[in-house]
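Readers should treat all values here as calculations from the given coordinates under stated rules, not as data from a laboratory. Just so it is clear, the structure is predicted and the values come from calculations on it, not from any experiment. Positions of Cβ are generated from backbone atoms using ideal geometry, with glycine treated the same way; all protein chains shown enter the neighbour counts.
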Amino acid sequence: MEDRSPAALAVVNADGIGLQVQFRWMKDRHSHTINLLFENRTIPVLESLEGTDVEPWPESPPLQQLSIEELRPSTRAALLVGMAGQSHWSMSVEPNPAEMEFQFDVACRLRAAAGHLGTAYRLLSGGSVNANMDSATIDIDGRRLAIMCDRDPPAASKIKESSDVMRIEPKTIGSAGTTRWRYAVGLK
């Protein structure tokens, strides 16, 4: 049986300021929260919105398996896979300490036209949000979290933001095959 204990990855600078992606098991899938780390505090900023086991097109990828792997010396990444309906999903979350960010690379293998594809986040921080189609910033306690979408195919993505939900979606979705979307979340 798979270990469903909470897991986390972090990028932290010499001053102890950084970001953390925390994974935890929620009903039948792994959810994740993006936290701001500073002054010995952990401030939850974004939390993935998860669907139910009956939704073929949930708000965020339904990821049932999680593995934390060492890609290079001192660099661990999260690799996740799952399925809903007839579609298979994968996501990798890789830290980039030089840029103080995490790279999210998400894919869905479709057998039919998608009802909805993307990753949805609930805004938890109460911070000030400024979003456009390719990027967003969230200002919290004097710190700025930036979300930057990949602009180039095959993993180009876009942001849709409403009052307390931010969606990151692929710019184009085919009727079958693999659709990818990629984005970075970092401190700026």
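Tabulated data for the structure shown
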{"item": "Backbone HN-Hα couplings from phi across segment 163-170 [Karplus 6.51/-1.76/1.60, Hz, Gly and Pro as x]", "result": "3, 9, 10, 10, 10, 10, 10, x"}
{"item": "Signed unit charges on C-beta, dipole axis of the chain, positive-most listed residue CYS108, GLY82, PHE38", "result": "CYS108"}
{"item": "Straight-distance crosslink candidates among lysines, where the alpha carbon sits under 20 Å from LYS171 and sequence neighbours closer than 8 are dropped", "result": "LYS158, LYS160"}
{"item": "Cα-based equivalent ellipsoid of segment 53-137: semi-axis lengths in Å, sorted from largest, via gyration tensor", "result": "24, 21, 11"}
{"item": "Residues of segment 46-63 with amide N under 16 Å of a point placed 7 Å along Cα→Cβ from ASP164", "result": "46-50"}
{"item": "Proportion of all alpha-carbon pairs of the chain beyond 19 Å (%)", "result": "57 percent"}
{"item": "Extension reserve of the SER67-ALA146 stretch, reckoned as 0.36 nm per residue once the Cα distance is removed", "result": "25.9 nm"}
{"item": "Nearest-20 debye value, segment 61-188 charge dipole, Cβ charges on Lys, Arg, Asp, Glu", "result": "320 debye"}
{"item": "Inter-centroid distance (Cα atoms) of segment 22-46 relative to segment 97-116, Å", "result": "18 Å"}
